[in-house]
Amino acid sequence: DRRQRQMCIRDSLKTVTINSAYLYNALTSDSAIGGLISNAKVIKVLASVDNGFNAYLNDYNSFIKTTDGDYNVYTRGQGEPPTEPEDPEPEEPAEASPVTDFTFSGSYITGYTGAATEIVLPTSYSIVDGQITEGTDTMITGLVWYVGTSPNLANVKKLVIPEGYTFTSMGACQNMSALEEVFIPASLTSAGSGLFSNCKNLTKATFADGTSTVPASLFSGCEKLSEVILPESITTIKNDAFNGTAITSLDFLPGSITILENYAFANCTNLIQAVVPAVQIVPDRLLYGCSNLVTVVFSEGAEEIGDQVLYDCTLIQNISLPSTLKAIGDHNFEAMANLTTIEINSAEIYQNPGEIVSLGATIRVLASIDDGTSEAFNGLVKRVDGYYNIYTRA
C-alpha cells in the first residue's frame, strides 16, 4: 500500500520549482533527486540560479525550455530542445518611393501622382532632358503639398518622412483620409502648424531619436490617434499638438519634457488619467475639455498651474498638487460634481486654498506642512490619516 501511494504521488507530480543553485546542479540521473526529472511535467528554475548547465537535466532532450518572468521553465515535450535564438538581422532601410511619382518645386515636394498605399519620401532627384529622374543633383528638404491638389494621397496608409527634411508648409498633409501611420524625422525642425491635422484614421505616430519638439497642432483632430512613440530627446510640446486625439494617458511622455504649451492635450475625451510632466509652468487649458478624465497628478517641480487647465473636466474625482506649487489659475475646479479628494503638498497653497475649500471635496494635506492655521479650512473637520491631515465637511 505504501509503495502504491508513493507511485500515485510520483505520477501526479506536475510542477517542481527550484530556487537553489545547488539542487539545480545536482539534477543528474544518479542523484537523490534525479527522480524529479522523470516524474514532473514542469520544472521551474529561478533564472538567477540557472547557470546554463542544461546537461545536468536528465533526459533533457524531452524538455522544452522557455522563459516566464523570473523563471526558466522546462516543460516535458517531444523532440530536441530549442536552440538559442539568433540575434535578429537589422531592418533594412525602407526603400524610397520612385521620384517619378512626385512633383517638385526646387527642393520641395509639391504633389504625389503614384498609386502606392505606403510611401517613403525620396531624398533627392535629378532633371535630365526636362524629365525628373533618380539622382542626387537636388536634395529634397521639405513638403509644400496639400491633399486638395494631390488626390492620390487620399489612398496612402503609411507615410515615412526620411532624415534630411527640415521644412513643411502649414497643413501639408492634413485631411489624408486613409492615413494610419506616420514616421517623423529628427531633422524636421520647422513643421508648419497642423501638418497631420484632421487625419481621421491616423492611429500611430513615431518620432525619430533626436527629435526635440512636437510642432503646433501636429495631430489636432486626429481622433483615432492612440499610439505615439516619443524619444527621450523630446523637450517641448507646442500648442494643440495632441488636441482631440484618442490618447488614454500621458504615460507616453518622456521625462525630458520641460515645456508644454496651451491646449496641448485639450479635448482628449479618451484620456482617463493624466500625470502632468514636471514643467515649471503648466500652461493655460492644457487639459481643457478632457471630459472623461478621472485622476490628474501635477508632478513635483510645477510652480504654477495656468487658467482653465482642467476646465470642463467634469468627471474628475482626484487631484494631486505638488509641494512646489505656488499659484493656481482661474476656473480650474468648476463643475466637478464627482471630485472627492484633493491632495495638497504645498505649504503656500495650504495657506491660500481659495476656491478649493468651497468644492465640498475631501482635502488631504501632508501633515508635515500643516502648521496648525486651520482657519484656511474653516467649516471643515480635521482628522489625521498616516502622513495626511484630512479635512472633510462636517
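Computed quantities for the displayed model
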| quantity | calculated |
| --- | --- |
| Cα-based Lys proximity count in the stretch 148-304, under 14 Å, for pairs eight or more positions apart or on separate chains | 7 |
| Pairwise FRET efficiency - Val381 versus Thr206, Cβ, R0 = 56 Å, nearest 0.05 | 0.60 |
| Cross-link partners of Lys382 among lysines (Cα-Cα below 29 Å; sequence separation of 8 or more within a chain) | Lys326 |
| Using θ = phi - 60° and Karplus 6.51 cos²θ - 1.76 cosθ + 1.60, couplings along the stretch 202-207 (whole Hz; Gly, Pro as x) | 5, 10, 9, 9, 10, 9 |
| Additional length obtainable on full extension of the chain from Thr258 to Met139, 0.36 nm per residue less Cα span | 39.5 nm |
| Linear extension gain, Leu315 paired with Ser177, 0.36 nm per residue minus alpha-carbon span | 46.5 nm |
| Whichever lysines have a C-alpha closer than 22 Å to that of Lys65, once near sequence neighbours (fewer than 8 apart) are set aside | Lys14, Lys41, Lys44 |
| Alpha-carbon centroid distance for the pair the stretch 217-283 / the stretch 162-180, whole angstrom | 19 |
| Whole-Hz ³J(HN,Hα) from phi, Karplus 6.51 cos²θ - 1.76 cosθ + 1.60, for the stretch 170-177, glycine and proline x | 4, x, 4, 10, 5, 6, 6, 5 |
| Calculated FRET efficiency for the pair Asn292/Ser358, C-beta based, R₀ 30 Å, to 0.05 | 0.75 |
| Separation of the Thr248 and Glu303 label points, Cα + 7 Å toward Cβ, nm | 3.7 |
| J(HN,Hα) series, the stretch 319-333, from Karplus relation 6.51 cos²θ - 1.76 cosθ + 1.60, nearest Hz, glycine and proline x | 10, 10, 10, x, 5, 7, 6, 10, 8, 10, x, 7, 6, 9, 10 |
| 20 Å reach of a label modelled at Thr269, 7 Å along Cα-to-Cβ, counting backbone N of the stretch 310-341 | 310-317, 335-338 |
| Filtered GluC sites (Glu not before Pro), the stretch 263-352: DSSP coil and at most 13 other beta carbons within 10 Å | Glu300 |
| Rounded FRET efficiency, nearest 0.05, which uses the C-beta distance separating Glu232 from Ala335 and R0 of 41 Å | 0.65 |
| For the stretch 137-268, the Rg and Dmax computed from alpha carbons only, in angstrom | 13.7, 46 |
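Each reported figure results from applying straightforward, stated rules to the coordinates on display, with no laboratory input. Please read these numbers as outputs of a predicted model, since none were measured by experiment. Here the Cβ is made from the backbone with ideal geometry for all residues, glycine too, and neighbour counts use every protein chain on show.
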